[in-house]
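Inspection log for the structure reproduced underneath, given as C-alpha coordinates.
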Amino acid sequence: MAEEQGTRDALDDFRSNFDVLTEDRRANPRSDIATTRANGQVGGCPMAGHERLSYYVIVAAAGHDATAASIGGGLQGLLEFPDGMAKLRGNLGLLGTAAEEFVRWTAPVKHFMRTPHKPVEWRGTTIPAGDAIMLAFASACRDEAVFEEPDRPRVDRSPNPHLTFGIGPHFCLGKYLAKMDIEAFYRELLPSTISRADCPSAVRCGGAAVPCSPAGSPR
Ligand code: HEM
(Lines give C-alpha, C1' and ligand atoms only; values in the text may rest on other atoms or scores of the structure.)
Protein backbone atom coordinates (compact mmCIF):
# COMPACT_ATOMS: atom_id res chain seq x y z
CA MET A 1 0.00 0.00 0.00
CA ALA A 2 2.75 2.42 0.98
CA GLU A 3 4.52 1.43 -2.23
CA GLU A 4 1.42 2.20 -4.33
CA GLN A 5 1.09 5.57 -2.63
CA GLY A 6 4.79 6.21 -3.37
CA THR A 7 4.20 5.48 -7.06
CA ARG A 8 1.19 7.79 -7.13
CA ASP A 9 3.19 10.55 -5.41
CA ALA A 10 6.03 10.14 -7.91
CA LEU A 11 3.59 10.42 -10.83
CA ASP A 12 2.03 13.52 -9.27
CA ASP A 13 5.50 15.05 -9.02
CA PHE A 14 6.16 14.19 -12.64
CA ARG A 15 2.82 15.73 -13.62
CA SER A 16 3.50 19.02 -11.77
CA ASN A 17 6.97 19.36 -13.27
CA PHE A 18 5.84 18.54 -16.78
CA ASP A 19 2.80 20.86 -16.55
CA VAL A 20 5.18 23.73 -15.85
CA LEU A 21 7.34 22.62 -18.79
CA THR A 22 4.28 22.36 -21.07
CA GLU A 23 3.14 25.89 -20.24
CA ASP A 24 6.62 27.22 -20.84
CA ARG A 25 7.08 25.46 -24.19
CA ARG A 26 3.65 26.59 -25.41
CA ALA A 27 4.55 30.19 -24.57
CA ASN A 28 8.19 29.93 -25.71
CA PRO A 29 8.52 27.15 -28.29
CA ARG A 30 12.02 26.03 -29.18
CA SER A 31 13.63 23.23 -31.04
CA ASP A 32 13.45 20.50 -28.40
CA ILE A 33 11.50 17.39 -27.55
CA ALA A 34 9.50 19.12 -24.78
CA THR A 35 8.13 21.62 -27.34
CA THR A 36 7.05 18.73 -29.57
CA ARG A 37 5.28 17.10 -26.61
CA ALA A 38 3.66 20.33 -25.37
CA ASN A 39 2.21 21.17 -28.78
CA GLY A 40 1.60 17.62 -30.01
CA GLN A 41 -1.68 16.88 -31.76
CA VAL A 42 -3.51 13.64 -32.48
CA GLY A 43 -6.04 13.82 -35.33
CA GLY A 44 -5.86 17.63 -35.31
CA CYS A 45 -6.67 17.92 -31.57
CA PRO A 46 -4.22 18.68 -28.74
CA MET A 47 -2.91 15.51 -27.16
CA ALA A 48 -4.85 14.42 -24.05
CA GLY A 49 -3.14 15.32 -20.76
CA HIS A 50 -2.53 11.71 -19.72
CA GLU A 51 -1.04 10.89 -23.14
CA ARG A 52 1.29 13.87 -22.95
CA LEU A 53 2.34 12.87 -19.43
CA SER A 54 3.00 9.31 -20.59
CA TYR A 55 5.26 10.57 -23.37
CA TYR A 56 7.19 12.78 -20.96
CA VAL A 57 7.53 9.97 -18.44
CA ILE A 58 8.76 7.43 -20.99
CA VAL A 59 11.50 9.77 -22.19
CA ALA A 60 12.48 10.83 -18.67
CA ALA A 61 12.37 7.39 -17.10
CA ALA A 62 13.11 4.95 -19.95
CA GLY A 63 16.47 3.43 -20.17
CA HIS A 64 18.44 4.58 -17.15
CA ASP A 65 17.99 1.26 -15.33
CA ALA A 66 18.52 -0.76 -18.53
CA THR A 67 21.72 1.18 -19.27
CA ALA A 68 23.00 0.76 -15.71
CA ALA A 69 22.15 -2.96 -15.82
CA SER A 70 24.06 -3.34 -19.12
CA ILE A 71 27.11 -1.65 -17.60
CA GLY A 72 26.98 -3.92 -14.55
CA GLY A 73 26.12 -6.99 -16.63
CA GLY A 74 29.01 -6.28 -18.99
CA LEU A 75 31.41 -6.13 -16.07
CA GLN A 76 30.08 -9.43 -14.78
CA GLY A 77 30.65 -10.90 -18.26
CA LEU A 78 34.23 -9.61 -18.38
CA LEU A 79 34.97 -11.04 -14.93
CA GLU A 80 33.44 -14.42 -15.76
CA PHE A 81 35.27 -14.55 -19.11
CA PRO A 82 38.68 -12.95 -18.50
CA ASP A 83 39.83 -13.51 -22.10
CA GLY A 84 37.25 -10.89 -23.10
CA MET A 85 38.57 -8.55 -20.40
CA ALA A 86 42.13 -8.95 -21.71
CA LYS A 87 41.05 -8.43 -25.31
CA LEU A 88 39.14 -5.24 -24.49
CA ARG A 89 41.89 -3.86 -22.27
CA GLY A 90 44.33 -4.47 -25.10
CA ASN A 91 42.16 -2.72 -27.69
CA LEU A 92 39.72 -0.04 -26.59
CA GLY A 93 38.80 0.27 -30.28
CA LEU A 94 36.52 -2.71 -29.56
CA LEU A 95 34.34 -0.66 -27.19
CA GLY A 96 31.63 -0.24 -29.84
CA THR A 97 31.15 -3.97 -30.46
CA ALA A 98 31.67 -4.68 -26.75
CA ALA A 99 28.89 -2.28 -25.70
CA GLU A 100 26.55 -3.90 -28.20
CA GLU A 101 27.51 -7.32 -26.87
CA PHE A 102 27.06 -6.33 -23.20
CA VAL A 103 23.51 -5.28 -24.04
CA ARG A 104 22.84 -8.58 -25.87
CA TRP A 105 24.37 -10.73 -23.13
CA THR A 106 22.64 -8.87 -20.29
CA ALA A 107 19.30 -8.33 -22.07
CA PRO A 108 18.20 -5.89 -19.33
CA VAL A 109 14.68 -5.46 -20.75
CA LYS A 110 13.21 -8.89 -20.28
CA HIS A 111 9.96 -8.58 -22.15
CA PHE A 112 7.32 -6.39 -23.72
CA MET A 113 3.80 -7.39 -24.75
CA ARG A 114 2.02 -7.17 -28.10
CA THR A 115 -1.64 -7.71 -29.01
CA PRO A 116 -2.37 -8.74 -32.62
CA HIS A 117 -5.37 -6.98 -34.19
CA LYS A 118 -5.88 -9.85 -36.63
CA PRO A 119 -4.89 -13.55 -36.57
CA VAL A 120 -1.18 -14.09 -37.22
CA GLU A 121 0.48 -17.26 -38.56
CA TRP A 122 3.78 -17.96 -36.84
CA ARG A 123 5.73 -21.13 -37.58
CA GLY A 124 2.63 -23.24 -38.10
CA THR A 125 0.69 -21.79 -35.18
CA THR A 126 -2.18 -19.34 -35.51
CA ILE A 127 -2.15 -16.58 -32.90
CA PRO A 128 -5.74 -15.30 -32.60
CA ALA A 129 -6.56 -11.60 -32.63
CA GLY A 130 -6.62 -10.15 -29.13
CA ASP A 131 -4.23 -12.71 -27.65
CA ALA A 132 -1.45 -11.46 -25.40
CA ILE A 133 1.99 -12.17 -26.86
CA MET A 134 5.14 -11.86 -24.81
CA LEU A 135 8.27 -10.77 -26.68
CA ALA A 136 10.97 -12.54 -24.68
CA PHE A 137 14.02 -10.39 -25.51
CA ALA A 138 16.34 -12.31 -23.19
CA SER A 139 15.53 -15.56 -24.99
CA ALA A 140 15.94 -14.04 -28.48
CA CYS A 141 19.32 -12.60 -27.49
CA ARG A 142 20.66 -16.05 -26.59
CA ASP A 143 19.11 -17.87 -29.58
CA GLU A 144 21.61 -20.59 -30.49
CA ALA A 145 20.22 -20.67 -34.05
CA VAL A 146 21.44 -17.09 -34.48
CA PHE A 147 24.44 -16.65 -32.17
CA GLU A 148 27.54 -18.80 -32.00
CA GLU A 149 28.34 -19.44 -28.31
CA PRO A 150 25.32 -17.38 -27.19
CA ASP A 151 26.19 -17.63 -23.49
CA ARG A 152 29.68 -16.16 -23.99
CA PRO A 153 30.07 -12.38 -24.13
CA ARG A 154 32.42 -11.84 -27.10
CA VAL A 155 33.65 -8.26 -27.07
CA ASP A 156 34.33 -8.39 -30.83
CA ARG A 157 31.07 -10.09 -31.88
CA SER A 158 30.14 -8.81 -35.33
CA PRO A 159 27.60 -8.95 -36.83
CA ASN A 160 25.43 -8.91 -33.72
CA PRO A 161 21.77 -9.11 -34.79
CA HIS A 162 20.33 -8.98 -31.26
CA LEU A 163 16.87 -7.62 -30.52
CA THR A 164 17.56 -6.09 -27.10
CA PHE A 165 16.42 -2.66 -28.28
CA GLY A 166 13.27 -4.10 -29.87
CA ILE A 167 12.36 -4.08 -33.55
CA GLY A 168 9.89 -2.21 -35.74
CA PRO A 169 8.13 1.11 -35.18
CA HIS A 170 8.74 1.11 -31.41
CA PHE A 171 12.48 0.46 -31.73
CA CYS A 172 14.30 2.05 -28.80
CA LEU A 173 14.65 5.80 -29.12
CA GLY A 174 17.61 5.84 -26.73
CA LYS A 175 19.82 3.14 -28.26
CA TYR A 176 22.65 5.46 -29.26
CA LEU A 177 22.56 7.33 -25.95
CA ALA A 178 22.70 4.02 -24.06
CA LYS A 179 25.62 2.79 -26.17
CA MET A 180 27.46 6.08 -25.67
CA ASP A 181 27.00 5.82 -21.88
CA ILE A 182 28.23 2.22 -21.78
CA GLU A 183 31.27 2.99 -23.92
CA ALA A 184 32.10 6.10 -21.87
CA PHE A 185 32.00 4.09 -18.64
CA TYR A 186 34.42 1.42 -19.89
CA ARG A 187 36.69 3.97 -21.57
CA GLU A 188 37.25 5.46 -18.09
CA LEU A 189 37.20 2.24 -16.07
CA LEU A 190 39.56 -0.03 -17.96
CA PRO A 191 42.66 2.21 -18.17
CA SER A 192 42.30 3.17 -14.48
CA THR A 193 42.17 -0.39 -13.14
CA ILE A 194 44.58 -3.28 -13.35
CA SER A 195 43.71 -6.93 -13.57
CA ARG A 196 43.64 -8.99 -10.43
CA ALA A 197 46.35 -11.29 -11.75
CA ASP A 198 48.76 -8.33 -11.89
CA CYS A 199 48.14 -7.26 -8.29
CA PRO A 200 50.39 -8.01 -5.36
CA SER A 201 48.71 -10.58 -3.11
CA ALA A 202 48.35 -7.91 -0.39
CA VAL A 203 45.62 -6.17 -2.36
CA ARG A 204 43.85 -9.28 -3.59
CA CYS A 205 40.79 -8.97 -1.46
CA GLY A 206 38.10 -10.65 -3.47
CA GLY A 207 37.61 -8.30 -6.40
CA ALA A 208 38.90 -9.17 -9.85
CA ALA A 209 40.05 -5.62 -10.57
CA VAL A 210 41.34 -2.96 -8.18
CA PRO A 211 41.86 0.78 -8.61
CA CYS A 212 45.45 1.71 -9.34
CA SER A 213 47.39 4.94 -9.21
CA PRO A 214 48.29 6.71 -12.47
CA ALA A 215 51.75 5.17 -12.12
CA GLY A 216 50.17 1.75 -12.27
CA SER A 217 50.73 0.59 -8.70
CA PRO A 218 47.66 -0.37 -6.64
CA ARG A 219 46.36 2.38 -4.33
C1 HEM B 1 20.57 -0.65 -22.65
C2 HEM B 1 19.63 0.29 -22.60
C3 HEM B 1 18.25 0.17 -23.21
C4 HEM B 1 17.54 -0.94 -23.60
C5 HEM B 1 17.98 -2.40 -23.54
C6 HEM B 1 16.28 -0.48 -24.13
C7 HEM B 1 15.29 -1.32 -24.65
C8 HEM B 1 14.15 -0.87 -25.26
C9 HEM B 1 13.19 -1.71 -25.92
C10 HEM B 1 13.24 -3.23 -25.97
C11 HEM B 1 12.23 -0.92 -26.45
C12 HEM B 1 11.08 -1.35 -27.35
C13 HEM B 1 9.80 -1.55 -26.66
C14 HEM B 1 8.74 -2.11 -27.60
O15 HEM B 1 9.05 -2.69 -28.62
O16 HEM B 1 7.58 -1.92 -27.27
C17 HEM B 1 12.55 0.44 -26.10
C18 HEM B 1 11.81 1.54 -26.44
C19 HEM B 1 12.10 2.81 -26.01
N20 HEM B 1 13.24 3.25 -25.38
FE21 HEM B 1 14.77 2.08 -24.80
N22 HEM B 1 16.24 0.89 -24.05
C23 HEM B 1 17.42 1.33 -23.49
C24 HEM B 1 17.80 2.64 -23.26
C25 HEM B 1 17.00 3.74 -23.48
C26 HEM B 1 17.35 5.11 -23.18
C27 HEM B 1 18.69 5.56 -22.57
C28 HEM B 1 16.28 5.89 -23.53
C29 HEM B 1 16.05 7.37 -23.43
C30 HEM B 1 16.74 8.21 -22.73
C31 HEM B 1 15.27 4.99 -24.07
C32 HEM B 1 14.06 5.40 -24.55
C33 HEM B 1 13.13 4.59 -25.15
C34 HEM B 1 11.85 5.07 -25.66
C35 HEM B 1 11.33 6.49 -25.61
C36 HEM B 1 11.21 3.95 -26.22
C37 HEM B 1 9.83 3.90 -26.88
C38 HEM B 1 9.94 4.05 -28.36
C39 HEM B 1 8.58 3.96 -29.03
O40 HEM B 1 7.65 3.36 -28.47
O41 HEM B 1 8.46 4.48 -30.14
N42 HEM B 1 15.74 3.71 -24.03
N43 HEM B 1 13.75 0.45 -25.40
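The values are calculated or read from the model by the stated rules, or taken from the named source; none is laboratory data. It should be emphasised that the depicted structure is a prediction, and the values quoted were computed from it without experimental measurement. Here the Cβ is made from the backbone with ideal geometry for all residues, glycine too, and neighbour counts use every protein chain on show.
So the values come out like this:
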| quantity | calculated |
| --- | --- |
| Qualifying positions in the range 23-44 - surrounded by 12 or more Cβ atoms within 10 Å (Cβ to Cβ) and within 27 Å of the chain's Cα centre (by Cα) | Ile33, Ala34, Thr35, Thr36, Arg37, Ala38, Gly40 |
| Residue match in the range 116-131 (condition: surrounded by 13 or more Cβ atoms within 10 Å (Cβ to Cβ) and touching a residue at least 24 places away in the same chain (Cβ under 8 Å)) | no |
| Where a residue in the range 167-187 is among the aliphatic types (A, V, I, L, M) and its partner, wherever it lies, is assigned to a helix (DSSP H, G or I) and more than 6 Å from the ligand (Cβ to nearest atom), with Cβ under 8 Å and at least six apart | Ile182/Ile71; Ile182/Gly74; Ile182/Ala99; Ile182/Phe102 |
| Residue in the range 161-179 that is out of contact with any Lys or Arg (no Cβ under 9 Å at 6 or more places or on another chain), in the same structural domain as Ala86 (by TED's automatic domain parsing), within 20 Å of Pro82 (Cα to Cα) and within 16 Å of the ligand (Cβ to nearest atom) present | no |
| Wholly within the range 36-139, strands (runs of 3 or more DSSP E) carrying at least 3 residues that are within 15 Å of the ligand (Cβ to nearest atom) and hydrophobic (A, V, I, L, M, F, W, C) | 133-136 |
